[in-house]
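The block underneath contains the structure these notes are about, expressed in structure tokens.
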Amino acid sequence: MPRSHIDEAITKSRIREAIEGYLFLLPNLLGFLIFLAIPLAISFYYSFTDYNLFTTPKFLGLANYAKALGISFDPQAYQAALAQGKSWFAAVDAWIKPNDPTFWVALRNTLLYALGVLGFSIIPAFLLAWLLNSRLRGMTFYRALIYIPVVASVVGSALVWGWIYQQQSGALNTIISGTISWINKLIFTPIGHPLVDPVIGWLVLPQYALFSLILMTSWATIGYDMVIFLAALQGIPGHLYEAATVDGASRWHILFRIIVPLMTPTIFFIFVINTISSLQIFSEPYIMTQGGPANSTLTIVYYLYQKGFQRFQMGYGSSLAWIVFALIFIITLIQFRLSGRWVYEE
Amino acid sequence: MKHKIMWTIFSLALIVSMALASCGGGTPTQAPATQPPAVVSPTNTSPPQMVTIRWRTRPDNQAEQDVYQKISDSLNAQLASQGINLVYDPSPVTGYEDKLKTEYSAGTAPDIAWVPGASSADYAQLGVITDLMPMVTADPTFKLTDYYDAPMRELQNSGHLWGLPRDISTLVIYYNKDLFTKYNVDDPATLFAQGKWDWANFQRVAQELTHPEDKIYGFSVSDWWGLWGWFVYSGGGSLFNADRTACGLTEPGSLVGLQFMADLFLGPDRVAPPPGLEGGVGETEFHAGTIGMFPNGRWMTPSDRTNDAFDWAVVEMPKGPGGNTTWLFWGAYVINAKTNYPQQAWTVIKALTSPDVQAQVAALGTNIPSNKAQAAVDAFLNSKPPADNTPFINGAAYAQAEIPLFTGNWNDIVGGQYQPNIDKIFAGQATVQEAAQAACDGANPLFKSP
Amino acid sequence: MFSRGQRGELLPKVLFYAVLTIVGLVFVYPFIFMVATSLKSSPEVFKNILSLFGERLRFDNYTTVLETVNMGRYMVNTTIVTLGVVAGQIVTSLLGGYAFARIRFPGRDLILTLYLGTVMIPFTVILIPMYKMMVVFGWIDKLQSLIIPWIFTASGTFLMRQFFKTFPRELEEAAFMDGANRFTILWRIFVPLAGPAIATQFTISFLYAWNSFIWPLVAIQSKANYVVTQGLADIQGGYHASPPLVLAGTTLVIIPTVLVFLFAQKYFIEGVASSGIKK
């Protein structure tokens, strides 16, 4: 047939392209297979066993997953709670009996933490990048100030923040006390209603501990996000600005109608990356609070560390890790699916 | 143009670092081991084979680290004649047990390691450490009674001995003498001498010291189990039942103790701020001079020596309904089950816990010798300040030793179930009754029969 | 915001700088606190935690840290490890990112999804299998264990892929017509234009390698091979009673990363300006 040599040429070039693709990918792929895929497979196997790190793992089937995710119901406890006059919420709380209540606590903490970090990081980072994307002098200096928290190792930052958050003699409370007493002297004491110095126990009270960690992580995340936003902002061609200004567009119009849409791939990237990393938070609870007080800063990865390393339940810990993975995967998948609606790709 | 240069630099850097990584900097070096000259024995036996024993401990601070290195070097010289090459493997304090467990898991752990008392049961039950009892019975020169009873009792289980205690640390109350003078409050040592150092007087002096407007409080703790745990025993209760197969927090004595503690921290008459977290930051207020009394083990003494700008001393714990109570914290040297030279390791362990070595460490002030020999005790008593070290020694006589749990995982039970509920008491989120009940409900399924 | 052509408006400018300065101060205060405390003596710290200066500046805190804890050696180790990881990660990310962005091969999207998936696995889980693998390879206590397993980076590859995807296809088509092969296209065209992404990846990889703690803690045993984070942990453990010493150690560990960032930052901004990308 007259077209066969064209078909052949096309197929040959496709094969060649495929081979080239794999060649380019090879170093990457090798690393992935040897140093990631194999250990992952081993840990996946562990998740179906009872493994205390020392003796051979004992196969358990799905027992670990059932323990973590499983819930049973106790209608008697429900009745008993109602009989004691407790509220409907408390009764439902008694009716639902998770196999591992601490897991759900950790899950809740982790989700709250991720939401907190996202909320406190992305928008401020974008605004700062926008502000700092300027030809005025000194921008490099300010960018550096905001980025430095990112470069500090968590081990170091945690220690410094531990001192700052100290309840009685920490820097933060000292500043707050000073400010309050100054305001009181000026305004409130003369009118007879001095403000009370709250002396907040940032790391010692369950109500505040998670929030304190969120603040600290956001402090170290904003710079990272900002820098990536900056790189993307600067990738926006100058002629777009000029064209818009010539057309008489206001600064806000430029920002919201032109810049933000163009930035959506980057915003999406930051959103995904920040979510993934904040759902895995570990070092901060490890160094600063060890999951306390009252498990208020117990995140899932820290919990799996406790179970796997401190309590010799590596099988259960591994199953928790895979549950975290599934969670992150699902959330990321949702983010990708929804991205079609708002991310503008070339 | 710039980019080309950057790329060349990067490729070069990659190649160079690969090269460096595979040769240079990678060979593991070990602490300098003084190679003894070949030993020629005067008798007909052939010279002993040199055997390397690797050991590790968790020093509390840099000064201790240096002393342990020195001890290792001098022991190495002494033991050379017995064919032992002793190598000290210094370890960081952070993540000490994580690293040790990883190494036990992979079979690369040191021959001898120190482990905290509460963890020793875990290692024993996992089979990674050796039972020392056969070596004890075979050794005529060694006496178990050379060491304090409390830790020795805990280290023995079903006829096995799992280690030898490195040192002990009694729980005492550190107090700020200057604050007592400033507010004209009775000195605890005086009260103690008069036999009046009990719960009532303790609470009274704490109250008299508390001046929230100056941010001065009479008392403080960190949320570590050693501190709230004391209240449980002082009230006449216990963390566990008699054979340690169930949670003891709901016993009447435990509730009494926890309630006394809660009253100190909550309510308008509180004498203490909410507890700081374990690990130094909670002690900071005491060093800052804003806390009158702070209970802790001996290990806080070096911090006080460095940081305190005020006069301080120690006194035994006050007497509660449970009588004279305090904790004895301890850790032990254990022998790796996979060691190639158990006999030599035994020799080293004995040497490490000898009065002589313990005296050297005690002189630094962080720990109390576990060996009862007078030389060791004297070295400790002479490590000042504080001027009067006897509360530590006296407390050891009636103390409850740190408990290795053979009937469950300590971390899972105390860390996982007790601790979060006790935290709720401090935060005012649960009553003592509720917290104790919740703790026991969560913990009881986790015990196993002995 | 204040882009080209807006001159002569003084008040907004002053306001602008004022806001930035306050924000900057808030961000950098913990480090001011760190350095200030590191130059005091312990009792002075507890007396007045907010003061910038004690009685005098105690630089001997730093010499104590450098002498007793062998920080110099750890810095060398960490530099070697970091350079290796950074160079490796950049090269593999460029190659892989280009392949994902511009080459069609069977299984491409599947592998990409798998890659992304791995970012979501907490490291703690592969810690033990990795450690056992290192024992088998004989890499325990050697710097290789800190470099070679970490040369591949899923998120870095993804970053490059995203970046390359924004390049117009005309770039390649023109080069193909001139007879260039893919490799040449990558190295001669795409890479020079990838300045910002490479600088970003450089910073990310550098920080990752320099600040990693848990893996070196487990994989490296001899003090001669420690990295700086282990050195810092040592200082914290050895001097936990003395905040100035601990914070002096922390400062020493943070300075190189700050310097590297300042250098990289200048580069990628200049790089964008001079490369005239997208014009």
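Each value in this text was obtained by applying a stated rule to the coordinates, not by laboratory testing. Please read these numbers as outputs of a predicted model, since none were measured by experiment. Virtual Cβ from ideal backbone geometry, glycine too; neighbours counted across all protein chains shown.
Using Cβ point charges alone (K and R +1, D and E -1), the dipole size of chain B about the Cα centre works out to roughly 1180 debye.
So, with +1 on the Cβ of K and R and -1 on the Cβ of D and E, and no other charges, what is the size of the charge dipole of the protein assembly as shown about its Cα centre, to the nearest 20 debye?
Working: 68 positive and 71 negative charges, 725 e Å.
Its charge dipole is roughly 3480 debye.
Given a cut-off of under 8 Å on Cα pairs at least six residues apart, what relative contact order in percent is computed for the range B:307-450?
Numbers: 132 pairs, mean separation 32.7, N = 144.
It comes to 23 percent, rounded to a whole number.
Counting other Cβ atoms within 10 Å of each Cβ, which chymotrypsin sites (Phe, Trp or Tyr not before Pro) in the range C:26-58 have at most 14 and sit in a DSSP loop? Here the sparse-neighbourhood loop sites are C:Phe53. Highest GNM mean-square fluctuation among A:Thr110, A:Thr221, A:Thr55, for chain A modelled with Cα contacts below 10 Å: A:Thr55. Taken along its three principal axes, the alpha carbon spread of the range C:33-139 comes to 69, 34, 26 Å, from the longest extent down to the shortest. Helix C:228-238 and the longest principal axis of the C-alpha atoms of chain C enclose an angle of approximately 20°. Charged side chains reduced to their Cβ positions (Lys and Arg at +1, Asp and Glu at -1) give the range B:281-345 a dipole of some 400 debye around its Cα centre.
For a 31 Å ceiling on Cα separation, which of these pairs sit above it: B:Lys319/B:Lys384; B:Lys99/B:Lys384; B:Lys372/B:Lys448; B:Lys372/C:Lys223; A:Lys307/C:Lys47; B:Lys196/B:Lys384? Before the final figure, lay out each step's value.
Working: B:Lys319/B:Lys384 26 Å; B:Lys99/B:Lys384 34 Å; B:Lys372/B:Lys448 34 Å; B:Lys372/C:Lys223 34 Å; A:Lys307/C:Lys47 41 Å; B:Lys196/B:Lys384 26 Å.
As for pairs spanning more than 31 Å Cα to Cα, those are B:Lys99/B:Lys384; B:Lys372/B:Lys448; B:Lys372/C:Lys223; A:Lys307/C:Lys47.
Taking every DSSP bridge with both residues inside the protein assembly as shown, close to 70 percent are antiparallel. The residue among C:Tyr226, C:Phe183, C:Val45 whose Cα reaches farthest toward the positive pole of the charge dipole of chain C, with charges on the beta-carbon of Lys, Arg, Asp and Glu, is C:Phe183.
Taking a span of 24 Å or more along the helix axis (Cα atoms) and a mean Kyte-Doolittle hydropathy of at least 0.0 as the rule, the DSSP H helices of chain B that qualify are B:2-22. The calculated 222 nm mean residue ellipticity attributable to helices in chain A amounts to -21500 deg cm²/dmol, summing -39500 (n - 2.57) over DSSP H runs of n ≥ 4 and dividing by all residues. For chain A, complete DSSP H runs whose alpha carbons reach 27 Å or more along their own long axis and whose mean Kyte-Doolittle score is 1.0 or higher are A:101-132, A:206-234, A:314-342.
Restricting to Cα pairs below 8 Å that are 6+ residues apart, what does the relative contact order work out to for chain A? Please round to a whole percent. The partial results should precede the final answer.
Details: 359 pairs, mean separation 86.6, N = 346.
Contact order relative to length: 25 percent.
Just so you know, the averaged projected area of the alpha carbon convex hull for the range C:71-215 sits at 10.3 nm². Distant-in-sequence amide contacts of A:Gly292, defined by a placed amide H-H separation under 5 Å and a gap of 5 or more residues or a different chain, comprise A:Thr297. The residue list B:Pro391, C:Leu116, B:Gly267 was ranked by how far each Cα lies along the charge dipole of the protein assembly as shown toward its positive end, using unit charges on Cβ atoms, and C:Leu116 comes out on top. Counting neighbouring Cβ atoms within 10 Å and putting the fewest first, the residues A:Phe89, A:Phe141 line up as A:Phe89, A:Phe141. All Cα-Cα distances of the range B:88-144, cut into 10 Å bins from zero to the largest, leave 18, 48, 27, 8 percent in each bin in turn.
Measure nothing fancy, just the Cα-based angle from helix C:123-137's long axis to the longest principal axis of chain C, in degrees from 0 to 90, nearest 10. The angle comes out at about 80 degrees. Against the main long axis of the alpha-carbon atoms of chain C, helix C:71-102 sits at an angle near 20°.
Normalised by the number of residues in chain C, what is the relative contact order in percent for Cα pairs under 8 Å and 6+ residues apart?
Working: 252 pairs, mean separation 82.9, N = 279.
Normalised by residue count, the contact order of chain C is 30 percent.
How many times 2.2 N^0.38 Å is the alpha carbon radius of gyration of the range A:159-268?
Working: Rg = 22.4 Å, N = 110, 2.2 N^0.38 = 13.1 Å.
Compactness ratio reported: 1.70.
Across the protein assembly as shown, the volume of the C-alpha convex hull divided among the residues equals 226 Å³ per residue.
Take chain C, mark every one of the GluC sites (Glu not before Pro) that falls in a DSSP loop and has at most 15 other Cβ within 10 Å, then report the longest stretch left between them, sites excluded. In chain C, the maximal stretch lacking such sites is C:56-279. Quick one: what does P(r) look like for the range B:184-230 with 10 Å bins over all Cα pairs, in whole %? Pairs per bin, as whole percents: 24, 43, 32, 1.
Calculate the all-directions average of the projected area of the range A:123-201's alpha-carbon convex hull, and give it in nm². Walk me through the numbers before you get to the answer.
Values: hull surface 32.4 nm².
The Cα convex hull of the range A:123-201, projected and averaged over all directions, gives 8.1 nm².
Loop-resident chymotrypsin sites (Phe, Trp or Tyr not before Pro) (DSSP state other than H, G, I, E or B) in the range A:295-346 with no more than 14 further Cβ atoms inside 10 Å of their Cβ: A:Tyr344. Exposed loop sites, defined as trypsin sites (Lys or Arg not before Pro) outside DSSP H, G, I, E and B with at most 11 other Cβ atoms within 10 Å, are absent from the longest region of chain A, namely A:138-346.
Here the convex hull built on the C-alpha positions of chain B has a volume of 204 cubic angstrom per residue. How large is the translational diffusion coefficient of the range B:349-406 in µm² per second when you combine the Kirkwood radius over alpha carbon pairs with Stokes-Einstein at 37 °C and 0.692 mPa s? Answer, rounded: 272 µm²/s.
Is it possible to state the helix-based mean residue ellipticity at 222 nm for chain B, with each DSSP H run of 4+ residues giving -39500 (n - 2.57), the sum divided by total residues, to the nearest 500 deg cm²/dmol? What is it? Can you show the working numbers first?
Details: 19 runs with 190 residues, N = 450.
Value at 222 nm, helices only, nearest 500: -12500 deg cm²/dmol.
With distances taken between every two different alpha-carbon atoms, chain C has a Kirkwood hydrodynamic radius of 22.3 Å. Take the Cα radius of gyration of chain A and divide it by 2.2 N^0.38 Å, N being the number of residues; the result is 1.32. Distance between the modelled labels on B:Asp198 and A:Val199, one decimal in nanometres: 3.1 nm (7 Å Cα→Cβ projection).
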